[in-house]
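We did not get these values from a lab; they are worked out from the coordinates using the rules stated. Just so we're clear, the structure is a prediction, and the values are computed from it rather than from any experiment. For neighbour counting, all protein chains shown are included, and Cβ atoms are generated from backbone atoms with ideal geometry for every residue, glycine included.
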Amino acid sequence: MGNWSKWRAEFCFYFLFLAVAFALTGLYACQKSKNSALLNIGLPEEPQSLNLWLGTDANSRKILSQIYQPLYHHHPETLEIIPWLAKDQPVFDPQALTYTVTLREAKWSDGSDFTSEDVLFTKQLFFDFKIPKYYSNWNIIQKIEAPDAHTVVFYLKEPSAIFMSRVMTAPMVSKKEWEPIAKQALAKEKPLRSLQDHPIEKPLGTGPFTLFEYKSGAYIHMKKNPYFFGTGQKIGNHILGPYVESLLFRIYGTSDVAILALKKGDIDYYWGDIQPGYIKDLKEQANIDLYFNKKSALYYMGFNLRKPPFDDKVLRQAIATMVDKDFILTRILQNYGTPMHSVVPSGNHFWYNPNVRKYGQGKTHDERIKLAYEMLKTAGYSWETPPVDENNNIVTPSDIRLPSGAAMDKFVILTPPADYDPKRAFAGTMIQEWLRELGMSAFARPMSFNSLLETVKGKHEFDAFVLGYGQLDLDPDYLRTFFESKNDKPRGWNMSGYRNPEFDTIADEQMTLIDTQKRKEIIWKMQEIILEDLPYLPLYNPHIIEATFNERFKGWVAKVDGIGNIWSMCVVKPAD
């Protein structure tokens, strides 16, 4: 009898187990096949934090950008700045130096009104805590007034070209939610740290989605915000939804696992940059759509202009002539990218100057050697055996000598290690080989990324390096940041030690121009100067490669930096 009871208990347990497993499997299959209201998205890593002031990494921003919204956004196609939480373009008074902004009728995700008081509070939060990134931009503001609940007047200290692109695109936060948090944090010994460490479980936002559930290491579930101001509105040439009820972000530790989930249809979109090695396989699947978009990025070779030999502009120009960007495109990027000729990416089409000097463009490899040789010979460089003989043939040269007659010392091109970024590491190796064909003792040396930054940006103890900025702001004021003389200091952004009084003058001038067309002319001139002086040699810009499972959803919005953006989340619709 005892055995029978034991057997019956075990039978019931296994029957129950199978029943639950069957039910969950059926539920999951139903979700995959029928639930057009749930958009499944894969994330490469877990967000650092869902506290807006701490979560500055890419994965945190993907979540937070669905919650916290700015007054103005960039148009997805033209990249112009257009009203978002604001109702119209601001009214500018050049005499009073004021911008008057009218707000939309919008609500926070708890149903309370978004008003001018929230804008004033957000500004005060930036100032009280000197919040990185926001405080330095908003410091141009002298004061803000709110004549009524839907009008905000910004008074500037001086004219500012970046007011619209940097100040008006900052996220707005709820005074109701953040005021008590801020009061507690200001009483602490380290107020900013306290503000950043405050746990945020149900953030109030004005965006298309709200946070519903977060299981660390597993998933983030967001639900449609019923109070989203954009629903039914035509903004940026799109009628906004959202047209899905929920977003389910699933966290994957490796690309292999995420791509497999995409192919199986477990996720509808992998919000991460896919490496070219996956493309052939994905192209063979009819239910996978691939997207290739330009990045707002700059990958480049930098020189130390503070010491010989790279204090000589002609040498830098000769090196630029030797670097075959088309080879980098085909062999390193596998044709998934574009060569870079300016320090502004070509995808940023309004600010990009296509007329900058393009070294060696259209030349064969031998023609590049001959052209670089003539440039160096004219500048006084010499060889016992030059790279081009008297019959105009390419030969193996002896070591190059400086115009002073001294031998050029060997120099090192620092790169990140191949396991961190194989593209930059391989680019450094190829540049090494090309320069040796001119008799230069060039050596590419990988270095851990943090050590490389400390060597280049902190100590300035380097010859040359290959680095990149993976996500540049769409406003090109970073040209001033990267190359203005005053930023040539330890840990300053002017890592090459570039100093040009003409550049400094016009870099400061463009900061004060409200007239966009006049500012564009100066930004173009700044690019021309940089590509003539070459503190940085732009190399390439890889495509951002993304993929979607196309059986359930359609309507992704492709723009600079890919389809992962607020516009896609607002307009993607069920395929049926």
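To the nearest 20 debye, what is the magnitude of the charge dipole of the chain about its Cα centre, counting +1 on the Cβ of each Lys and Arg and -1 on the Cβ of each Asp and Glu?
Numbers: 66 positive and 68 negative charges, 215 e Å.
It comes to approximately 1040 debye.
Considering only DSSP beta bridges with both partners in segment 298-542, what is the antiparallel share in %, to the nearest 5? DSSP beta bridges in segment 298-542 are roughly 70 percent antiparallel.
In Å, what Kirkwood hydrodynamic radius results for segment 69-180 from the alpha-carbon pair distances? Walk me through the numbers before you get to the answer.
Values: mean 1/r = 0.0700 Å⁻¹.
For segment 69-180, inverting the mean 1/r across all distinct Cα pairs yields 14.3 Å.
Once the Cβ-Cβ distance of LYS313 and ASN393 is raised to the sixth power relative to R0 = 35 Å, the FRET efficiency obtained is 0.75.
Just to confirm the number: angle between the C-alpha axis of helix 313-322 and the first principal axis of the chain, 0 to 90 degrees, nearest 10? Between the helix axis and the principal axis of the chain, the angle is about 70 degrees.
Residues VAL173, VAL119, arranged from fewest to most other Cβ atoms within 10 angstrom of their Cβ, appear as VAL119, VAL173.
Given the pairs LYS307/LYS489; LYS410/LYS486; LYS307/LYS410, which span a C-alpha to C-alpha distance of over 18 angstrom in this model? Violating the 18 Å Cα-Cα cut-off are LYS410/LYS486. Under the combined filter of DSSP loop state and at most 15 neighbouring Cβ atoms within 10 Å, segment 391-476 retains these trypsin sites (Lys or Arg not before Pro): LYS410.
Computed from label points 7 Å out along Cα-Cβ, the spacing between LYS486 and LYS183 is 3.9 nm. In the chain, taking the dipole from charged Cβ atoms about the Cα centre, the farthest positive-side position among PRO208, HIS460, THR385 is held by PRO208. Here GLU551, GLU532, GLU484 are placed in order of increasing Cβ neighbour count within 10 Å, fewest first, which gives GLU532, GLU551, GLU484.
Among beta bridges from DSSP that stay inside the chain, the antiparallel ones total about 80%.
The fewest-to-most ranking of TRP383, TRP108 by surrounding Cβ atoms within 10 Å reads TRP383, TRP108.
Normalised by the number of residues in segment 352-479, the average gap of Cα pairs under 8 Å and 6 or more apart makes the relative contact order 21 percent.
Relative to the Cα centre, the charge distribution of segment 69-180, modelled as +1 at Lys and Arg Cβ and -1 at Asp and Glu Cβ, gives a dipole magnitude of about 340 debye. [x] 207; [y] 143; [z] 152: which one is volume of the Cα convex hull per residue in Å³ as calculated from this entry? Only one listed value fits the structure, namely [x]. Kindly flag which residue pairs out of LYS133/LYS224; LYS157/LYS358; LYS130/LYS202; LYS264/LYS294; LYS130/LYS325 have an alpha-carbon separation exceeding 32 Å in this structure. Those over the limit are LYS157/LYS358; LYS130/LYS325.
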